[in-house]
Amino acid sequence: MSAILHLVTRLRPGGHGGTLWPTLMALADGQLMQQVLPLAAGAGALQAARLLSPESVQLLPVPAMRAVATALRRALDAPAPPQALHLHGLPALLSARHVLQGRPRAHMPLFLHQCSRVLAQRLLQGMPERSVFLVGPDRVDPLAAAPLPGAVDAVFFSQPLTTDTAPRIVTAATGDPQADEEIAQAFAELAVMLSGIQAARQPTFAWIGPVPGSVRALLLAAQVKLQEIALAEAPARARALAQAWIYLAPDGAGRGADRLAEAMAVGLACVAAPAPSYRLQIIDALSGELHARRADLLQSLARLLESDALRLAMGRAARLRARHQHGHHRFRASLLLAHGLSPLPVLRHEAGHAAPAVPGVPASPG
């Protein structure tokens, strides 16, 4: 039976970048055999690794860097070649690149641990086509896909909505002055336009987070309430979001993906421009709405303001979607998915009550 092969630059309790041991544990839970080739590891590190590793993990130490290519070639030439190759550290990646360049038929997927997207793309140029995944501390993403925000602070998932508030539409600062200026301008324009629409429920608009000086006057002129909460104050931001009815991400560049993830985690109905990063987060018409035209954005906001049932259902679907994409289980779930395994055992392990299934999202506790 073929195994998952790990090439490890430094064998230490935290692993390279802290992802080695979580990966070993998650894949062992998925009933996958694994082999670890630590490069020039000392006796003490090997002994500690044997104690920490699951029983299904084989440790096959490589005595010196010059022996790495030989060990990797031997593994690739075995009757059952590796299912996947995990590369922990730059020396491991460079060694594997040297070997794989001469083996166009070796198509197993690569998992690059704590490697930047730019560096990975440069190092993989000229290599045979294959599936490549970037392994970060809180998620595993395909190299070709736009990156999703990482894990959202648990305080957003546990914050209850304040149901007795007046209608409020909010957006939030990203901390990037250029992005915040674009978001603020679009938000202020929509606030002015919606104020001219006759509706039974006239909402207020609010900006959550630091306010760039360049747009303060613009937001105030559009009668947007400023809730100047520091980006580091997650509990305060969660409480401010919980007082809203709708979260609006109107910028076409999609630079507010982190804040959108937090709004979804709180359980707000979300309306956004169809930027690539927002499309990855929102299932249109289910866990939010995506509209390119300003007129469609305004109609969506008015519809959600008028219908409590629609708004609350969309908010529940948004929270479920966010829990699956940005909850702290995401590393294990996305790792198993990348290896072709079901993440359901990992998702069901999380405490909570059962939630209805959402298309495009595996069923799990909410």
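The values are calculated or read from the model by the stated rules, or taken from the named source; none is laboratory data. What you are looking at is a predicted structure, and each value in this text was computed from that prediction instead of being measured. Note that we place each Cβ from the backbone using ideal geometry, even for glycine, and neighbour counts take in every protein chain shown. These accessible areas exclude ligands, DNA and RNA; they are computed on the full protein's heavy atoms, side chains included. Shrake-Rupley method; radii C 1.70, N 1.55, O 1.52, S 1.80 Å.
Filter segment 195-221 for residues that are within 22 Å of Glu306 (Cα to Cα) and either under 22 Å from the mean Cα position of the chain (by Cα) or small (Gly, Ala, Ser) (or both) and give the result. Selection gives Ser195, Gly196, Ala199, Ala200, Ala206.
When you look at Leu220, is it surrounded by fewer than 23 Cβ atoms within 10 Å (Cβ to Cβ) and within 19 Å of Glu182 (Cα to Cα), yes or no? Criteria met by Leu220. Gly340: in a helix (DSSP H, G or I) and either at pLDDT below 85 or of a type in the set (Gly, Ala, Ser) (or both), yes or no? Here the answer is no, as Gly340 does not meet what is asked.
For every residue, the table says whether it meets (1) assigned to a helix (DSSP H, G or I); (2) surrounded by 22 or more Cβ atoms within 10 Å (Cβ to Cβ).
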{"residue": "Ala184", "(1), (2)": "yes, yes"}
{"residue": "Glu189", "(1), (2)": "yes, no"}
{"residue": "Ala232", "(1), (2)": "no, no"}
{"residue": "Glu262", "(1), (2)": "yes, yes"}
{"residue": "Pro274", "(1), (2)": "no, no"}
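Would you tally the residues in segment 121-144 being farther than 21 Å from Leu27 by Cβ and within 25 Å of the chain's Cα centre (by Cα)? Step through it out loud before you land on a result.
Step one: filter segment 121-144 for residues farther than 21 Å from Leu27 by Cβ, giving 121-129, 144.
Filter again for within 25 Å of the chain's Cα centre (by Cα), leaving 121-124, 129, 144.
Matching residues across segment 121-144 total 6.
In segment 181-196, which residues are over 17 Å from Gln299 (Cβ atoms) and of a type in the set (S, T, N, Q)? Hit for segment 181-196 is Gln185, nothing else.
State whether one or more residues within segment 142-164 are assigned to a helix (DSSP H, G or I), of a type outside the set (Gly, Ala, Ser) and open to solvent by 40 Å² or more (accessible area, probe 1.4 Å). Show your work before the answer.
First, pick out the residues of segment 142-164 that are assigned to a helix (DSSP H, G or I): 154-158.
So of that shortlist, the ones also of a type outside the set (Gly, Ala, Ser) come out as 155-157.
Cutting the leftovers down to open to solvent by 40 Å² or more (accessible area, probe 1.4 Å) gives us none.
No, the conditions are met nowhere in segment 142-164.
Yes/no per residue for (1) crowded, with 17+ Cβ neighbours inside 10 Å; (2) in a loop (DSSP other than H, G, I, E, B); (3) under 27 Å from the mean Cα position of the chain (by Cα); (4) touching a residue at least 24 places away in the same chain (Cβ under 8 Å):
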{"site": "His6", "(1), (2), (3), (4)": "yes, no, yes, yes"}
{"site": "Trp21", "(1), (2), (3), (4)": "no, no, yes, yes"}
{"site": "Leu46", "(1), (2), (3), (4)": "no, no, no, yes"}
{"site": "Arg74", "(1), (2), (3), (4)": "no, no, no, no"}
{"site": "His86", "(1), (2), (3), (4)": "yes, no, yes, yes"}
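Of Arg239, Arg201, Arg255, all but one fail to be in contact with a Leu (Cβ under 9 Å, 6 or more places away or on another chain) and either farther than 16 Å from Arg319 by Cα or in contact (Cβ under 8 Å) with a residue 40 or more places away in the chain (or both); the exception is Arg201. Is it the case that segment 152-173 has a residue that's more than 15 Å from the chain's Cα centre (by Cα) and closer than 16 Å to Leu337 by Cα? Within segment 152-173 (the criterion being more than 15 Å from the chain's Cα centre (by Cα) and closer than 16 Å to Leu337 by Cα), the answer is no, since none of the residues qualifies. Gln299 falls short on exactly one of the conditions (1) in a helix (DSSP H, G or I); (2) under 24 Å from Glu182 (Cβ atoms); (3) open to solvent by less than 10 Å² (accessible area, probe 1.4 Å); (4) not hydroxyl-bearing (Ser, Thr, Tyr), and that condition is (3).
Take Gln125 and tell me if it is over 29 Å from Ala261 (Cβ atoms), touching a strand residue (DSSP E or B) at 6+ places or on another chain (Cβ under 7 Å) and not hydrophobic (A, V, I, L, M, F, W, C). Here the answer is no, as Gln125 does not meet what is asked.
Here's the yes/no breakdown for (1) modelled with pLDDT of 85 or more; (2) out of contact with any Gly (no Cβ under 6 Å at 6 or more places or on another chain); (3) open to solvent by less than 30 Å² (accessible area, probe 1.4 Å):
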position	(1), (2), (3)
Gly315	yes, no, yes
Arg319	yes, no, no
His324	no, yes, yes
Arg330	no, yes, no
Leu336	yes, no, yes
His349	no, yes, no
Gly352	no, no, no
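For segment 205-217, name all the residues that are assigned to a helix (DSSP H, G or I), open to solvent by 10 Å² or more (accessible area, probe 1.4 Å) and in contact (Cβ under 8 Å) with a residue 24 or more places away in the chain.
Going residue by residue through segment 205-217, those that are assigned to a helix (DSSP H, G or I) are 213-217.
Of the ones still in play, those that are also open to solvent by 10 Å² or more (accessible area, probe 1.4 Å) are 213-214, 216-217.
Scanning segment 205-217 gives a single hit, Ser214.
Taken over segment 90-106, the residue count meeting the criterion of being open to solvent by 20 Å² or more (accessible area, probe 1.4 Å) and under 26 Å from the mean Cα position of the chain (by Cα) is 1.
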